[in-house]
Amino acid sequence: MNTLSSTKAGEALQPKAKFRPLAVNQIEVSGFFGPKLDVIATTTAKILFDRCIEARMLEQVDPDLPNPGIVIPFQHNNTVTTQMFWDSDFGKSIETAAYALNRQRDAELEARVDAVIDAYGRLQTEDGYLNSWYLRIEPGKRWTNLRDRHELYNAGHLIEGAIAYYHATGKRKFLDILSRYADCIDATFGPEAGKKRGYPGHPELELALIKLGRVTGEQRYLDLAKFFVDVRGEAPSYFDEEANARGEKPEDFHFSTLEYCQAHKPVREQREVVGHAVRAAYLYAGMADVATEFSDTSLDPALNALWSHLTERNLYVTGGFGPSKDNEGLTFDYDLPNDSAYAETCAAVALVFWASRMLGREPDARYGDVMERAIYNNVLSGLSDDGSHFFYDNPLESHGYHHRWRWHRCPCCPPNVSRLLASIGTYFYGVSEDEVAVHLYCSNKADLRVAGRKLSLGQTTNYPADGRIAFQIDPEEACPFTLSLRIPDWADGYSLKLNGETVDAKPEKGYIRLARTWQAGDQLTLDLDMQPHKLYANTQVAHDQGRTAILRGPIVYCIEGVDHDAPLNTYLVKDAVPITPSTIEAWPDTVALEVEALVEYRKDDALYNTEPPLRKPATLKAIPYYLWDNREPGEMLVWLRREV
């Protein structure tokens, strides 16, 4: 007899398994994300190459072209120029193009990528070293300033681009080039005598090495990733010794403290998220990857404390973090200003990376919920609806002067948001030896292996417009495994049916875990309650006192000036007022919301008055935050004033 079971609350979970994501060529995405992937495939991927080349990046990479010299001036006491990061921009752009080609083959785009790959092949030295800045602009200075100059960070993005291109096209040339570079790095850094005990100033290479180890089967790449995690922040400080060797004083570091790059203490001793937001999340993602690959529970106390510190005290409701422009990162707990919020797109992307890798250890909705919130809000807002313009910073309030830009002298965000969204299907599932965890909901069809057998797994849904998700489970033969479904924390209720029969199962750590011998043709339907909610911030968040935000499903809503007649901060809403689903002309398939409100006004233009303002009824039209600034320029507001 075929039985169905679920883990009950309070029961111990099995020892931690390794949950791996799918490769991009294992999943076909449609539904909500399908059109966005098509825009990236047809428009954004090409724009990235156009604008990289327009910025003169290929001139720096290709030794057959005239050397462009220093195009972007030095800054930070003549320490860095964003031109040093150009390899990372090309790496992410190639990664985006790879996912675009997987979606839709395009001979012209593929030829352009191949031309850049050929240029990198001509640039590479005999020992495998590959960094365009140090080979063409400042030769002879390699490995002299890991703290500031993104040398290893660039390598990471090139490696990830090479892996993606191999998965999408089957071509090995770029993967072979970058494997040689990884071998060069491995010959230079490590715990062995005669090697440098340095590590990336800007973490990222750790993630790439884990991916490279998985795709090649080479343990040494995994070991090198672990070394970079283990050695970070040890005393004496490698970054201070490096500065002394350059004839500089460590105390003259532009950002004053190594907290900026999370190298102030060993990672296992870190408990608070500090410094540059993107560097922080990339580091913690690498730590989580190492914890998973090596079953290293010694990293758990740090990872758990860091996650709690970020999500309980320093995370914007949109899934962004890092309020300060000065350090592109953290300041102090509960400092979450709205109109000056930095909330860099790259930081939200990095948070998705971190959350997904925390899910590599086990299904836990603490991570899945934050990953979903970041994707549907701060990440999606980073790319315009037509795929041509980009947000670097993502405020939660605008007075009408903040808009997406065409390009930037530090163009890290355009290819970063593009590569994440173009590979979004790889975040839907985690697969262990005998379990498939469903983290995100969207129509798709995936081909994977579980319990030693092939499995076709599909979702059909209009999510997030509604909360019904139908699963099609088709193993090649009857197969026992566990299927785990995330129940989001925003859902007031849910129901679950298997082949038409109601299933009474309770979530464990936010996931319903269904252990069963699955048969071809099994149908599972999950219904999530999508009632809108009003959210209220912790009272220590001064900027949100007396205000409320609106959430429906995973989506945070905002109001825009284009839909309203009065300044947005003159509107007030009651706590108990109903929120009604609606439509909006620009996006007829998107759920907008209407909220009954009051608007304050005066009969005169006096700056100050002894009489309170008058009030009259009004209706607010709210749209998903990620869609703002796609129509007419104007105000935007996430946190609405409450009537008191």
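Filter the range 455-466 for residues that are surrounded by 21 or more Cβ atoms within 10 Å (Cβ to Cβ) and not aliphatic (A, V, I, L, M) and give the result. Listed by number, the residues that qualify are Gln459, Thr461, Tyr463, Pro464. Checked against the criterion of being assigned by TED's automatic domain parsing to the domain that holds Ala187, in contact with a Cys (Cβ under 9 Å, 6 or more places away or on another chain), aromatic (Phe, Trp, Tyr) and under 26 Å from Thr188 (Cα atoms), the range 138-151 has no qualifying residue. Flag not set for Asp629, criterion: in contact (Cβ under 8 Å) with a residue 24 or more places away in the chain and more than 17 Å from Asn338 (Cα to Cα). For Thr311, the conditions (1) on the phi < 0 side of the Ramachandran plot; (2) assigned to a loop (DSSP other than H, G, I, E, B) all hold with the exception of (2). Checking each residue in the range 545-569 for being farther than 20 Å from Asp629 by Cα and more than 25 Å from the chain's Cα centre (by Cα) picks out Gln545, Gly546, Arg547, Thr548. In the set Arg409, Arg373, Arg361, Arg404, only one residue is within 27 Å of Leu48 (Cβ to Cβ) and at pLDDT below 95; that residue is Arg409. Return a yes/no flag: does the range 72-88 have any residue that is within 30 Å of Ile512 (Cβ to Cβ), modelled with pLDDT of 95 or more and either in a helix (DSSP H, G or I) or touching a Ser or Thr at 6+ places or on another chain (Cβ under 7 Å) (or both). Checked the range 72-88: no residue is within 30 Å of Ile512 (Cβ to Cβ), modelled with pLDDT of 95 or more and either in a helix (DSSP H, G or I) or touching a Ser or Thr at 6+ places or on another chain (Cβ under 7 Å) (or both). For the range 206-224, which positions are touching a residue at least 60 places away in the same chain (Cβ under 8 Å) and within 20 Å of Thr144 (Cα to Cα)? If the condition is that a residue be touching a residue at least 60 places away in the same chain (Cβ under 8 Å) and within 20 Å of Thr144 (Cα to Cα), then Glu206 is the only one that fits.
For the range 167-180, the set of residues classified as within 21 Å of Tyr153 (Cβ to Cβ) and surrounded by fewer than 23 Cβ atoms within 10 Å (Cβ to Cβ) consists of Leu175, Ile177, Ser179, Arg180, listed by residue number.
Checked across the range 246-266, the condition of being modelled with pLDDT of 95 or more, closer than 28 Å to Phe19 by Cβ, assigned by TED's automatic domain parsing to the domain that holds Gly217 and surrounded by 16 or more Cβ atoms within 10 Å (Cβ to Cβ) holds for at least one residue. The numbered conditions (1) at pLDDT below 95; (2) not in a helix (DSSP H, G or I) are all true for Pro200 except (1). Among the strands (runs of 3 or more DSSP E) confined to the range 552-644, the ones with at least 3 residues that are not basic (Lys, Arg) are located at 555-560, 571-573, 579-582, 592-601, 614-624.
The values are calculated or read from the model by the stated rules, or taken from the named source; none is laboratory data. Quick caveat: nothing in here was measured; it's all calculated off a predicted structure. We place every Cβ from the backbone using ideal geometry, glycine too, and count neighbours over all the protein chains shown.
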